[in-house]
1. Any chance the range 69-85 includes a residue that's surrounded by fewer than 20 Cβ atoms within 10 Å (Cβ to Cβ), more than 17 Å from Gln4 (Cα to Cα), out of contact with any Lys or Arg (no Cβ under 9 Å at 6 or more places or on another chain) and modelled with pLDDT of 95 or more?
2. Under 6 Å between Cβ atoms, at least 6 apart or on separate chains: pull out the pairs that start in the range 99-124 with a residue that is more than 28 Å from Gly9 (Cβ to Cβ) and end on any residue that is part of a loop (DSSP other than H, G, I, E, B).
3. For the range 98-119, give me each residue that is open to solvent by less than 30 Å² (accessible area, probe 1.4 Å) and assigned to a loop (DSSP other than H, G, I, E, B).
4. Taking the residues in the range 18-29 that are of a type outside the set (Ser, Thr, Tyr) and open to solvent by less than 60 Å² (accessible area, probe 1.4 Å) as candidates, determine which candidate is farthest from Met82 (Cα to Cα).
5. Can you go through Lys75, Lys64 and tell me which one is over 16 Å from Gln116 (Cα atoms) and in contact with a helix residue (DSSP H, G or I) (Cβ under 9 Å, 6 or more places away or on another chain)?
6. Return yes or no: is Ser52 touching a helix residue (DSSP H, G or I) at 6+ places or on another chain (Cβ under 7 Å) and open to solvent by less than 30 Å² (accessible area, probe 1.4 Å)?
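The values are calculated or read from the model by the stated rules, or taken from the named source; none is laboratory data. Remember, predicted model here, so these are calculated numbers, not experimental data. Heads up, the Cβs are rebuilt from the backbone with ideal geometry, glycines too, and the neighbour counts pull from every protein chain shown. The area values use the complete protein model at the heavy-atom level, side chains included, leaving out ligands, DNA and RNA. Shrake-Rupley method; radii C 1.70, N 1.55, O 1.52, S 1.80 Å.
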Amino acid sequence: VQLQASGGGLVQAGGSLRLSCTASGGTFSKFAMGWFRQAPGKEREFVAAISSNGGSTFYTDSVKGRFTISRDNAKNTVYLQMNSLEPEDTAVYYCAAHWWLGILRTVAGKYDYWGQGTQVTVSS
């Protein structure tokens, strides 16, 4: 499975961005999808995840109420809508996939496939 992330950019604090991640080479609907981020000098951290059919989602506390993860299985694409962005959200954002076995994963090591990352920069 190949994952291609896009949609990053430079935005002012309080602004919005929508990240997209398109999958190819596999059956997208069999995978749960997640977004992670890594800021300079920090470890990669979990942001959000969504089950294979989109029925379940989970977010890290710092983005709850501001970010929304969604997916369109017909388009093999997962999205991360980011609103009310803060400078602390600045990072490289990665999409990832793991085989759906009924549990959403929040640990990077549990994911099987990764995209290349897209830079999000929020200016104050």
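1. Among the residues of the range 69-85, not one is surrounded by fewer than 20 Cβ atoms within 10 Å (Cβ to Cβ), more than 17 Å from Gln4 (Cα to Cα), out of contact with any Lys or Arg (no Cβ under 9 Å at 6 or more places or on another chain) and modelled with pLDDT of 95 or more, which makes the answer no.
2. As it stands, the answer is Trp100/Ser52, since those pairs meet every condition given.
3. Tyr111, Gly117
4. Gly26
5. Lys75
6. yes
For every residue, the table says whether it meets (1) at pLDDT 95 or above; (2) open to solvent by less than 60 Å² (accessible area, probe 1.4 Å); (3) within 22 Å of Gly109 (Cα to Cα); (4) not charged (D, E, K, R).
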site: Gly9; (1), (2), (3), (4): yes, yes, no, yes
site: Phe31; (1), (2), (3), (4): yes, yes, yes, yes
site: Phe58; (1), (2), (3), (4): yes, no, yes, yes
site: Pro87; (1), (2), (3), (4): yes, yes, no, yes
